[in-house]
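K.L.:
My questions all concern the structure below.
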Amino acid sequence: MPDPRFFLTREPLSLGETLRIAGVRDAALQETAIHRAASIDDRELDGAVVFTESAANAAALKDRAFALCFVASDVAAAFGADARYIGVKNPRSAFARVAAVLHRLRGIEDAGASPAIGAGALVHESAIIGAGAKIGADVEIGPFSVIGPGVAIGAGTIIAERVSIWCSVIGVGCRFGAGTSIGGAGFGFAPGEAGLERIPQLGRVIIGDRVEIGANVCVDRGMLGDTTIGSRVKIDNIVQIAHNVRIGDDCVLTSMVGIAGSVSIGSRVLIGGHAGIADHLTIGDDARIAAKGGVICDVPAGETWGGYPARPIKTWLREAATLARAARKKKAADDDR
């Protein structure tokens, strides 16, 4: 279930309504109610609509309690009489349409409990604090910053000017630089009949203690789960962290690093400036990525990689040296003509 501090959930949809929204026709199904959109990885799926693009994941759901699962048409055929599996052309798009109706982001103008401001907190008069937000003791919030509804900020955290924080739970003693965005919607789209359709981003950002994030950094909330940043992580200016990324404790990310969605980064990882990491990869504990490294496969724990595409640093340096020697020989040969 999307966190009710950050998202409003409407009354359950009937099965007929759900299928109409998803664009499914003539489905012979028993009547049921759809209460929420969820990830297939959630522990409890009672009353939930889910989707998967994997036949193996669909099969793993079979013995679990869920209301509805959108799958590709050929995958649905494999489940025969199990009417919970609905075959569609694009499961992700069908799910997105239903999720957008079931849930919506709480707006800054929505009514709710007054913000709770801890003792000694300094909130600039131009800052906006949403309903139900919890601001810890001795927190500082700078001019024109926006703290969305329900956001929780730990004691002693310092937030500079023009910072935007939504759908987030933040630990103690953190620092956020000017212009940074935490908990914005991730870059999620699915192809539909009328073109690309936005997939609702219904997760959160969870940040540990004593994390420091520089200026103009973007940390997107998860699509369904959470984007998480461990304790004592240090992030330089102008870094992009996409939805559902998981970063362990004590990592360092320098300027202009870009991390695509659903990457898992271990603890004590060092990532050099302008490095890029493709989606759904795993970077092991104590790994290091050299500046401008382009990571397109998993990096084992403790290894140092560089280059594009990134590979073990000794391999990359040896290849670079070989190319340099070949270039010098070619130039010498040309000069002798």
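K.L.:
Please verify whether PHE95 is modelled with pLDDT of 95 or more and aromatic (Phe, Trp, Tyr), treating the condition exactly as stated.
P.N.:
no
K.L.:
Tell me which residues, restricted to segment 166-176, are in a loop (DSSP other than H, G, I, E, B), closer than 15 Å to VAL217 by Cα and open to solvent by less than 10 Å² (accessible area, probe 1.4 Å). I'd like the intermediate steps shown before the answer.
P.N.:
Pass one, segment 166-176, residues in a loop (DSSP other than H, G, I, E, B): 166-167, 171-174.
If we keep only those that are closer than 15 Å to VAL217 by Cα too, we end up with 166, 174.
Result: CYS174, single match.
K.L.:
Assess whether GLY150 counts as being touching a Phe, Trp or Tyr at 6+ places or on another chain (Cβ under 9 Å), touching a residue at least 40 places away in the same chain (Cβ under 8 Å), surrounded by 14 or more Cβ atoms within 10 Å (Cβ to Cβ) and closer than 19 Å to VAL205 by Cβ. Explain how you work it out, then say what you get.
P.N.:
Numbers: touching a Phe, Trp or Tyr at 6+ places or on another chain (Cβ under 9 Å): yes; touching a residue at least 40 places away in the same chain (Cβ under 8 Å): yes; surrounded by 14 or more Cβ atoms within 10 Å (Cβ to Cβ): yes; closer than 19 Å to VAL205 by Cβ: yes.
In short, yes.
K.L.:
When you look at ILE158, is it buried (at least 21 other Cβ atoms within 10 Å of the Cβ) and of a type outside the set (Gly, Ala, Ser), yes or no?
P.N.:
For ILE158, the condition - buried (at least 21 other Cβ atoms within 10 Å of the Cβ) and of a type outside the set (Gly, Ala, Ser) - is not met.
K.L.:
State the number of residues belonging to segment 98-108 that are among the charged types (D, E, K, R) and closer than 25 Å to ALA137 by Cα.
P.N.:
So the answer is 1.
K.L.:
Another question about this same structure. Among the residues of segment 177-195, count how many are in a loop (DSSP other than H, G, I, E, B) and touching a residue at least 24 places away in the same chain (Cβ under 8 Å).
P.N.:
Counting residues in segment 177-195 that are in a loop (DSSP other than H, G, I, E, B) and touching a residue at least 24 places away in the same chain (Cβ under 8 Å) gives 9.
K.L.:
Go through segment 287-308 and give me each residue that's within 17 Å of GLY273 (Cα to Cα), among the aliphatic types (A, V, I, L, M) and either touching a Cys at 6+ places or on another chain (Cβ under 6 Å) or open to solvent by 50 Å² or more (accessible area, probe 1.4 Å) (or both).
P.N.:
Listed by number, the residues that qualify are ALA291, ILE296.
K.L.:
Follow-up question, since we're still on this one. Looking at (1) over 25 Å from PRO2 (Cα atoms); (2) without any contact (Cβ under 8 Å) to a residue 24 or more places away in the chain; (3) surrounded by 15 or more Cβ atoms within 10 Å (Cβ to Cβ); (4) hydrophobic (A, V, I, L, M, F, W, C), which one does VAL163 not meet, given that it meets all the others?
P.N.:
For VAL163, the exception is condition (1).
K.L.:
Continuing with the same structure: Scan segment 127-147 for residues that are under 23 Å from the mean Cα position of the chain (by Cα), more than 19 Å from ILE229 (Cα to Cα) and buried (at least 22 other Cβ atoms within 10 Å of the Cβ) and report the count.
P.N.:
Going through segment 127-147 one residue at a time, the tally reaches 3.
K.L.:
Do we find a residue being part of a loop (DSSP other than H, G, I, E, B), modelled with pLDDT of 95 or more and surrounded by 15 or more Cβ atoms within 10 Å (Cβ to Cβ) anywhere in segment 309-316?
P.N.:
yes
K.L.:
Okay, next question. Looking at (1) on the phi > 0 side of the Ramachandran plot; (2) crowded, with 24+ Cβ neighbours inside 10 Å, which one does GLY179 not meet, given that it meets all the others?
P.N.:
(2)
K.L.:
Would you point out which residue out of GLY87, GLY120, GLY112, GLY154 is over 26 Å from ALA278 (Cα atoms) and either in contact with a Cys (Cβ under 8 Å, 6 or more places away or on another chain) or of a type in the set (Phe, Trp, Tyr) (or both)?
P.N.:
Answer to the check: GLY154.
K.L.:
Quick check on this structure: which one of ALA99, ALA94, ALA72 is within 20 Å of CYS167 (Cβ to Cβ) and in contact with a strand residue (DSSP E or B) (Cβ under 8 Å, 6 or more places away or on another chain)?
P.N.:
ALA99
The values are calculated or read from the model by the stated rules, or taken from the named source; none is laboratory data. These numbers were taken from a predicted model, which means no experiment stands behind them. Using ideal geometry, Cβ is built from the backbone for each residue, glycine included, and neighbour counts are taken over all protein chains shown. To get the accessible areas, we keep the full protein, side chains included, count just its heavy atoms, and leave off ligands, DNA and RNA. Shrake-Rupley method; radii C 1.70, N 1.55, O 1.52, S 1.80 Å.
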